[in-house]
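Here the structure comes first, spelled out in structure tokens, and everything after it is commentary.
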Amino acid sequence: MVGRVTRARRATTLVNLPPHLRHTFTFFTLSGRIVRLMATTTRDAIEELLQTYGETGGINYLAAAASLPSRLSIEAACTELMSLMFPGFRSEALVSSEDLADTTRIRVRHLHARLKTEICRSLGKIPPDQATEAKAEEVLAEFFKQLPSVRRMLWTDIDAAYEGDPAATTYEEIILAYPSLEAIAIYRMAHLLYGKVPLIPRIMTEWAHSRTGIDIHPGAEIGSHFFIDHGTGVVVGETTANRVARETLPGRIVHRPLARGRTGIARQKRHPTIEDGVCIYAGTTIMGGDTVIGANSTIGANVFLTKSVPPHSLVYYEEKKFVSCRNENTSPKPHAMNFRSESGRSCSRFAVRSVMAHVCKARPARLTETRLQRANEQEQEYE
């Protein structure tokens, strides 16, 4: 009865309204119903979401959230560290020679305060006790003590970029415009903290990864004169070892276990060792903890390596023809191909453009005009 009266009143109201307001009245009536429906649905979704906070466990960290480092704060620290390494290049405000000393002291004080808080968080103590503060101070003292050495190392990286990239015209261009330098600089500073505090080094290198497309694990061992050209997609894994990489062009240095499971591999060396003066070209993948790329070797583009290479080697792909034969006595299996010589039984022959890694002794490091000519000839043969 009440519903009928209400509907009658609404109908009377609608009739009494001027024609130009009737559509508005109907619109607001429908909008009110939709809003009430959405509010009910939202409340139900919130209740279900709150239930998952109590059920899941593994991703619920509400009680201890205060002990996690702040990602935003660490990213801000990375920006300040880049300004500290390259004053006048990364900050918005210009830094004059007269103000450099005072500006540097202010930056170091700000960084110290910011990083101390985040280190205490990563150690699980907020508010920190006396032991946690002492540990944070010890880590920071060693970190700032090594920053001058990191800056000197970065200058060797800039030299490698200038000598290795013909397109580089000035050092200023490399500092301002080369994303690889930012990734390498953040890696070198994160490496100082690696193994001493949890989480923070990974957040630092992932910040650089998101900005540059270059993924360098803070645990990797990388020497001086390290340069990555066109680095989008380059991955340098945790257990990669390198002493002096005078010129490294884009490739992947990764570990991907072919079998499932992580048993026994977490503490093993899973990534290759790159010796001095190695040049790696685009699209290359080098895998295996026992793989060693000998000094002064050149690895050509798109090479897939799982075995060691002796020093002074040139590794590249060459065209190889295969013959595919089908065994008539057995039913065909998907993705199964039987390669035989041309003297095999009746089979459908066709040339497959495939490649195999070819390793040869060569003079070290740089790609000479003869190699460029050979590469161009091979490219013409493919076409």
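What residue, among those in the range 275-290 that are touching a His at 6+ places or on another chain (Cβ under 7 Å) and outside any strand (DSSP E or B), is modelled with the lowest pLDDT? Per the criteria, the residue is Ala282. Would you say Thr240 is more than 17 Å from Asp157 (Cα to Cα), touching a Gly at 6+ places or on another chain (Cβ under 6 Å) and modelled with pLDDT under 90? So Thr240 does not fit the description; no.
Among the residues of the range 275-292, how many are more than 14 Å from Leu314 (Cα to Cα), in contact with a Lys or Arg (Cβ under 9 Å, 6 or more places away or on another chain) and not charged (D, E, K, R)? The number of residues fulfilling the criteria is 7. Here the condition is being modelled with pLDDT of 75 or more, under 22 Å from Ile200 (Cβ atoms) and out of contact with any strand residue (DSSP E or B) (no Cβ under 7 Å at 6 or more places or on another chain); of Leu68, Leu50, it holds for Leu68 alone. With respect to the conditions (1) at positive phi; (2) under 21 Å from the mean Cα position of the chain (by Cα); (3) of a type in the set (S, T, N, Q), Asn296 falls short on a single one, namely (2). Scanning the range 184-234 for residues that are touching an Asp or Glu at 6+ places or on another chain (Cβ under 8 Å), buried (at least 22 other Cβ atoms within 10 Å of the Cβ) and modelled with pLDDT under 90 returns a single hit, Val234. Any chance the range 216-224 includes a residue that's of a type in the set (Gly, Ala, Ser) and closer than 21 Å to Phe89 by Cα? No, the range 216-224 contains no residue that is of a type in the set (Gly, Ala, Ser) and closer than 21 Å to Phe89 by Cα. So which residues in the range 206-232 are closer than 21 Å to Ala160 by Cα, of a type in the set (Ser, Thr, Tyr) and part of a helix (DSSP H, G or I), if there are any at all? Within the range 206-232, just Thr212 meets the criteria. If you go through the range 107-131 and keep only what is of a type outside the set (D, E, K, R), surrounded by fewer than 18 Cβ atoms within 10 Å (Cβ to Cβ) and without any contact (Cβ under 8 Å) to a residue 60 or more places away in the chain, you end up with Val108, His110, His112, Ala113, Thr117, Pro127, Gln130, Ala131.
The values are calculated or read from the model by the stated rules, or taken from the named source; none is laboratory data. Every value quoted in this text rests on a predicted model; they were computed, and no experiment measured them. In this analysis, Cβ positions are derived from the backbone assuming ideal geometry, glycine residues included, and neighbour counts consider all displayed protein chains.
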